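**Q** Sharing a structure, written as structure tokens. Questions coming.
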Amino acid sequence: MHRSSLQSSCNSVLRTTGNARQFTLMEKLLLELKRLRYPTTPGLFSSLICIYGDAQMPEKALKMFYSIVEFNCKPTSKHLNHVLAILVSQRIFLRPAFDLFRIASKYEVTTNVKSYNILMRAFCGNDELSVAYKLFNEMLKREVLPDVESYRILMQALCRKSQVTKAMDLLDEMLNKGFVPDTLSYTSLLNSLCRKKKLKEAYKLLCRMKVKGCNPNIIHYNTVMLGLCREGRAHEAIKILDDMYSNGCLPNLVSYRTLVGGLVDQGMYDEAKKYLEEMMSKGCSPHFSITHSLIKGLCNVGRVEVASDVLGELLKHGEAPYIGTWQEVIPQIAEAEEMERLDGLLDEVIKVDIKPHTKIIEAGAALEEYLIKKIQENYKKA
């Protein structure tokens with residue numbers, strides 16, 4: 001057999017036994033290759049390190065890295081990064097990973113931006129942001145160029161600690177150095193700004209994104225919209241919806257549910273009704289809690305006719321209202337002596353599919369009880 005074919009076959013056997021978790025056999029084969037001084041390739045050791053990682057055997061992966069030189073093969077940055085990623089996936093091996101990172105140069109392995117990012121992310125996840133910052137600054141001193149991920153790792157960690165001002169400073173530094181932040185970086189910043197109730201800054205950042213080379217997506221718009229609605233500023237959230245259309249981003253179910261819910265909470269029932277109808281016309285199904293709140297709110301302010309219109313729209317679009325919604329609106333319609341409208345609604349009920357939260361049978365029973373009670377009252381009066 002040709003030497004290259006034999007080498008390929010040996011590598012294939014080693015990978016197969018490793019993937020089959022037959023580690024004893026795999027290690028015996030490796031020892032035999034070392035004894036025979038059989039040539040190996042860097043790719044083989046990358047595969048074997050990853051196999052140990054998949055098997056949750058970080059110590060074996062580390063030992064494999066150290067043994068590469070015994071096979072007359074030089075470890076590479078790729079090998080180092082594979083092992084670092086495997087070690088930091090388990091918190092107890094974070095320090096061994098850091099030690100390996102520090103002594104990598106002894107094996108003539110160059111640490112690169114990926115090496116730094118792996119450790120920075122791990123230390124941030126271990127609530128050691130100061131160590132991550134030291135690594136970031138060290139990277140700059142060693143003239144290892146950070147990438148977008150390097151900045152994102154620190155920004156996300158700062159946001160988790162509610163240090164959004166520092167995170168924004170880091171964003172400015174990033175932009176000044178010519179980097180274009182990715183969507184995840186902006187998502188973290190917008191979330192943090194909204195949580196800190198810095199809604200003006202959140203909206204400015206949303207507008208700034210496109211200018212800086214990153215088009216806002218549906219998640220970014222919905223994040224700011226939710227922040228505004230939570231703070232009772234649903235009227236401003238309407239502008240976010242308009243901005244979405246202007247930038248070619250179509251609102252989704254979350255967008256409409258957030259906006260309609262916010263408008264209802266603020267008693268802006270006409271606007272809520274408008275966007276409820278718009279969302280249904282686009283095939284988005286409103287949550288029954290939102291439609292119930294809208295109809296209940298309208299009934300509470302004496303706008304029974306408008307509440308009936310909303311109920312009719314729901315039925316027209318195949319949306320089965322919640323049992324409590326019927327109980328809110330029907331007595332008011334009846335008391336207003338609008339029995340013709342009631343008859344029309346009852347005709348629509350039978351056209352709507354029964355859904356788990358609706359329990360139309362219960363609604364029917366409630367209607368029957370109510371109407372019998374009304375008839376008995378009228379009989380007594382007569």
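FYI, it's all coordinate maths here, none of it is from the lab. Bear in mind the structure is a predicted one, so any value in this text is a computation, not a measurement. Cβ: placed from backbone, ideal geometry, glycine included. Neighbour counts: every protein chain shown.
**Q** With +1 on each Lys and Arg Cβ and -1 on each Asp and Glu Cβ, how big is the dipole of region 217-262 about its Cα centre, in debye rounded to the nearest 20?
**A** Details: 4 positive and 4 negative charges, 26 e Å.
The calculated dipole for region 217-262 is roughly 120 debye.
**Q** For region 1-111, with only Lys/Arg (+1) and Asp/Glu (-1) charged at the beta-carbon, what is the dipole magnitude about the Cα centre, in debye rounded to 20?
**A** That gives region 1-111 a dipole magnitude of about 100 debye.
**Q** How high is the FRET efficiency from SER12 to VAL148, r the C-beta distance, R0 35 Å, rounded to 0.05?
**A** 0.40
**Q** If you don't mind, another one. What percent does the relative contact order of region 144-273 come to when contacts are Cα pairs within less than 8 Å and at least six residues apart? Mind dumping the intermediate values first?
**A** Numbers: 140 pairs, mean separation 22.8, N = 130.
Answer for region 144-273 is 18 percent.
**Q** Also: Please give the peptides 133-142, 156-165 ranked by average Cβ packing (other Cβ atoms within 10 Å per residue), highest first, as a rough proxy for protection.
**A** Highest mean packing first, the order is 156-165, 133-142.
**Q** Something else: Full-extension gain between LEU36 and LYS74, please, as 0.36 nm times their residue separation minus the C-alpha to C-alpha distance.
**A** Using 0.36 nm per residue and subtracting the Cα-Cα distance, I get 11.9 nm.
**Q** While we're looking at this one, here's another question. Extension gain SER285-THR165, at 0.36 nm per residue separation less the Cα-Cα distance, in nm?
**A** Result for the pair: 39.4 nm of gain on full extension.
**Q** Among LEU94, THR76, MET139, whose Cα projects farthest towards the positive end of the dipole of region 44-146, with charges put on the beta-carbon of Lys, Arg (+1) and Asp, Glu (-1)?
**A** Projecting each Cα onto the dipole axis, the largest value belongs to MET139.
**Q** What list of ³J(HN,Hα) values in whole Hz, one per residue of region 31-41 in order, does the Karplus curve 6.51 cos²θ - 1.76 cosθ + 1.60 (θ = phi - 60°) give from phi, with Gly and Pro shown as x?
**A** 4, 5, 5, 5, 4, 7, 6, 6, x, 10, 10
**Q** Rounded if a/c is under 1.5, else prolate if a/b is larger than b/c, else oblate: which is region 149-245, with a ≥ b ≥ c the root eigenvalues of its Cα gyration tensor? Mind dumping the intermediate values first?
**A** Working: a/c = 2.28, a/b = 1.43, b/c = 1.59.
Here region 149-245 falls in the oblate category.
**Q** Let me have the relative contact order for region 1-111, percent, based on Cα pairs under 8 Å that are six or more residues apart.
**A** Value for region 1-111: 20 percent.
**Q** For region 65-183, what is the convex hull volume of the alpha-carbon atoms per residue, in Å³? Before the final figure, lay out the partial values.
**A** Values: hull volume 13.0 nm³, N = 119.
Cα-based convex hull of region 65-183, divided per residue, equals 109 Å³.
**Q** Taking R0 as 51 Å, what FRET efficiency do you get between ARG102 and LYS210 from their Cβ-Cβ distance, rounded to the nearest 0.05?
**A** So, using R0 = 51 Å, E works out to roughly 0.75.
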